[in-house]
Amino acid sequence: MLRLFAKHSLLVVCLAVMLEEAGVPLPIPTDVMIVFAGAASVRSFSHLVLLFSLLSVASVTGASVLYAIVRRGGRPLVERFGRYVHLGPAQLARGERMLERGGWSAIAVGRAIPGLRYGTVVACGLLNVPYHRFVTAHLVGSS
C-alpha cells in the first residue's frame, strides 16, 4: 500500500482532496496527505507548482460537486426538515442578506478557516451564491 502511495502520490492526494471537498469523509485528513506530498516535492520547484495547481483544480472540482448537490436539493430539504433544527425561511433570508453584505470576502475567509470549509460550500449552495463568485472566492480562500 505504501509503495503504491509513493509511486502515485500526486494522483492519490488529488483524488482524496476531490472526494473530501465533495463531502465524502475520509479516514486520513487530506491536510496530512498534502503536507507529505509537499515535503516530497520540495526538491523541485516545478513539481511544487504542479502540486499546487493540481490540488487547486481538485479542490474546486470537489467543492463544485458539493455546491451543485446542495444548490439543487438543499432548499427543499431545508423547507421540509429545517424546522427541526430551527432553520426556516427567515433564517435563510437573513443568511442571504449577510452573505450579500460580506460577499466574496466572507466566502474566501470561510474557506480559509478549517472548521468552516465545508459549511461555507453548503451555505453558498443553499443561499444561491452565483457560481463564478463561489469559485473565485473558493480559490482565494483555499490557496
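The values are calculated or read from the model by the stated rules, or taken from the named source; none is laboratory data. Everything numeric here is computed off the predicted structure, so don't read it as measured data. Here Cβ is always computed from backbone atoms with ideal geometry, including for glycine, and neighbour counts include all displayed protein chains.
Would you check which residues across the range 80-92 are closer than 15 Å to Ala123 by Cβ, without any contact (Cβ under 8 Å) to a residue 24 or more places away in the chain and in a helix (DSSP H, G or I) and list them?
Answer for the range 80-92, where residues must be closer than 15 Å to Ala123 by Cβ, without any contact (Cβ under 8 Å) to a residue 24 or more places away in the chain and in a helix (DSSP H, G or I): Gly82, Val85, Gln91.
The set of residues in the range 23-41 that are aliphatic (A, V, I, L, M) and in a helix (DSSP H, G or I) comprises Val32, Met33, Ile34, Val35, Ala37, Ala39, Ala40.
Conditions (1) over 22 Å from Ala16 (Cα atoms); (2) free of Cβ contacts under 8 Å to residues at least 24 places away in the same chain, marked per residue:
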site	(1), (2)
Ala37	no, no
Ala40	no, no
Phe45	yes, yes
Ala68	no, no
Val78	yes, no
Gly95	yes, no
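With the condition kept exactly as written, say whether any residue in the range 23-37 is in contact with a helix residue (DSSP H, G or I) (Cβ under 6 Å, 6 or more places away or on another chain) and closer than 23 Å to Arg133 by Cα. Looking through the range 23-37, at least one residue is in contact with a helix residue (DSSP H, G or I) (Cβ under 6 Å, 6 or more places away or on another chain) and closer than 23 Å to Arg133 by Cα.
Within the range 113-130, the set of residues being more than 10 Å from the chain's Cα centre (by Cα) and either surrounded by 15 or more Cβ atoms within 10 Å (Cβ to Cβ) or not in a helix (DSSP H, G or I) (or both) comprises Ile113, Ala123, Cys124, Gly125, Leu126, Leu127, Asn128, Val129, Pro130. Residues of the range 93-112 that are out of contact with any Lys or Arg (no Cβ under 8 Å at 6 or more places or on another chain) and either buried (at least 17 other Cβ atoms within 10 Å of the Cβ) or outside any helix (DSSP H, G or I) (or both): Leu99, Ala106, Ala108. Inclusion of Pro89 among residues that are surrounded by fewer than 13 Cβ atoms within 10 Å (Cβ to Cβ), under 22 Å from Val65 (Cβ atoms), of a type outside the set (Asp, Glu) and more than 11 Å from the chain's Cα centre (by Cα) is not warranted.
Among the residues examined, Val60 qualifies as under 14 Å from Val121 (Cα atoms) and in contact with a helix residue (DSSP H, G or I) (Cβ under 9 Å, 6 or more places away or on another chain). Whether any residue in the range 53-73 is modelled with pLDDT under 80, of a type outside the set (D, E, K, R) and either under 26 Å from Gln91 (Cβ atoms) or in a helix (DSSP H, G or I) (or both) is what I want to check. No.
Given the options Leu19, Leu55, Leu50, Leu15, name the one that is within 21 Å of Gly141 (Cα to Cα), more than 16 Å from the chain's Cα centre (by Cα) and in contact (Cβ under 8 Å) with a residue 40 or more places away in the chain. Checking each option against the conditions leaves just Leu50.
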